[in-house]
1. Pull out all pairs, ordered by first then second residue, where Cβ-Cβ is under 8 Å, the residues are six or more apart or on different chains, the first lies in the stretch A:94-122 and is not assigned by TED's automatic domain parsing to the domain that holds A:Arg34, and the second is among the hydroxyl-bearing types (Ser, Thr, Tyr).
2. I'd like the residue in the stretch A:165-208 that is hydroxyl-bearing (Ser, Thr, Tyr) and without any contact (Cβ under 8 Å) to a residue 60 or more places away in the chain and, out of all such residues, is farthest from DNA strand B (Cβ to nearest atom).
3. Scan the stretch A:177-209 residue by residue and report those that are among the aromatic types (Phe, Trp, Tyr) and either modelled with pLDDT under 95 or under 17 Å from A:Ser136 (Cβ atoms) (or both).
4. If I ask for residues that are crowded, with 18+ Cβ neighbours inside 10 Å and within 13 Å of DNA strand B (Cβ to nearest atom), which ones from the stretch A:237-271 would you list?
5. Mind checking which residues of the stretch A:157-180 are outside any helix (DSSP H, G or I) and open to solvent by 20 Å² or more (accessible area, probe 1.4 Å)?
6. Please work out if A:Val85 is at pLDDT below 95 and either within 21 Å of A:Asn15 (Cα to Cα) or in contact with a helix residue (DSSP H, G or I) (Cβ under 9 Å, 6 or more places away or on another chain) (or both).
7. Quick check on my filter: what residues within the stretch A:85-101 are of a type in the set (Asp, Glu) and either loosely packed, with under 15 Cβ neighbours inside 10 Å or within 16 Å of DNA strand C (Cβ to nearest atom) (or both)?
Amino acid sequence: MPELPEVETVARQLNAAIAGRRIRHLRLLDPKLRAAGRLSVDDYRIEAVRRYGKQVVFELVPPRKRSVARWLCVHLRMTGRLIHVPAGQTMDATKARAVIELDHGGVLFRDTRRFGTIGIHEDQAAVLPAGVEPLSNELTVARLKELLANSPTPLKTWLLMQDRLVGLGNIYASEICFAAGIHPARPAGRLSDAEIRRLRTAIRRILTAAIKHCGTTFSDFQDSRGEVGGYVKYLKVYHRAGEPCRRCSTPIEKITQAQRSTYFCPTCQPD
DNA sequence: ACCCTCCTGTCA
DNA sequence: TGACAGGAGGGT
């Protein structure tokens, strides 16, 4: 489910709802998460909730001034959800892998496939993603060209590599290739300057629009308020195999790249 | 570049 | 019953 726009949506909503709250206790219910809890976050105050790459990061300040700040990092992977439960509402933890109990209300971590992870860190450097944030000023045409240089990897697969750009996943990678008019199998390092400019524009335009619509719900994404993402109706190619291209009516094709589905229009994205 | 694995649920 | 699903790490 969650790629950059979905994670951004959840982080913004949680920040608005619980910044300033104190964590009473982080309850790890799924034994798979046991390793996360070696550092405690109990009694820490939530200064802010932000997106780092695809992670939702709770920036924490310690209860006593002498001790050091901590970062509680949640990676939702495929099916993770963070649900804000306001004070006074009963927290149904039966399907939760973890519960963040706050001084007022709390947050449930639900995650059907249990791929999601929780980590607690004491230095921010360990939390910062390796790749470039695609919506930051860092992503100039020149920087993108540098990142792409010499890579033989097919463009769509390249877009999923989190040590280059962070935050893109399977849905938006296909959508971005379509918006840029580039075939997903083109070697990333062999794009023309004009194509690189189109690619950068597409990355920013699609992500910004998707954030504006609170992400994409394909099957089960829900934000922290339990609502679905509104970007689904804007998808041009993802999950539309056989359906007519919205631009030229050619049937959308589906191929497999790096064991994952890719969707594209063979007319709008010539080889 | 290919393979598999971690899990569970849903759909053809 | 098998294919597939928004992610990512590992191995060859």
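1. That search, which allows pairs on different chains as well, returns nothing.
2. A:Thr201
3. Once the filter is applied, which keeps residues that are among the aromatic types (Phe, Trp, Tyr) and either modelled with pLDDT under 95 or under 17 Å from A:Ser136 (Cβ atoms) (or both), the stretch A:177-209 yields nothing.
4. Residues satisfying the conditions are A:Gln257, A:Thr262.
5. Answer for the stretch A:157-180, where residues must be outside any helix (DSSP H, G or I) and open to solvent by 20 Å² or more (accessible area, probe 1.4 Å): A:Leu160, A:Met161, A:Gln162, A:Asp163, A:Arg164.
6. No: the conditions fail for A:Val85.
7. The answer is A:Asp92, and nothing else.
Here is a yes/no grid of residues against (1) buried (at least 20 other Cβ atoms within 10 Å of the Cβ); (2) free of Cβ contacts under 8 Å to residues at least 60 places away in the same chain; (3) within 18 Å of A:Asp111 (Cβ to Cβ); (4) β-branched (Val, Ile, Thr):
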| residue | (1), (2), (3), (4) |
| --- | --- |
| A:Arg12 | no, yes, no, no |
| A:Gly20 | no, yes, no, no |
| A:Leu26 | yes, no, yes, no |
| A:Lys32 | no, no, yes, no |
| A:Asp42 | no, yes, no, no |
| A:Arg45 | no, yes, no, no |
| A:Phe58 | yes, yes, yes, no |
| A:Ala69 | no, yes, no, no |
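The values are calculated or read from the model by the stated rules, or taken from the named source; none is laboratory data. For clarity, every value in this text was computed on a predicted model and none was experimentally measured. Heads up, the Cβs are rebuilt from the backbone with ideal geometry, glycines too, and the neighbour counts pull from every protein chain shown. Surface accessibility is based on the protein's heavy atoms, side chains included, excluding ligands, DNA and RNA. Shrake-Rupley method; radii C 1.70, N 1.55, O 1.52, S 1.80 Å.
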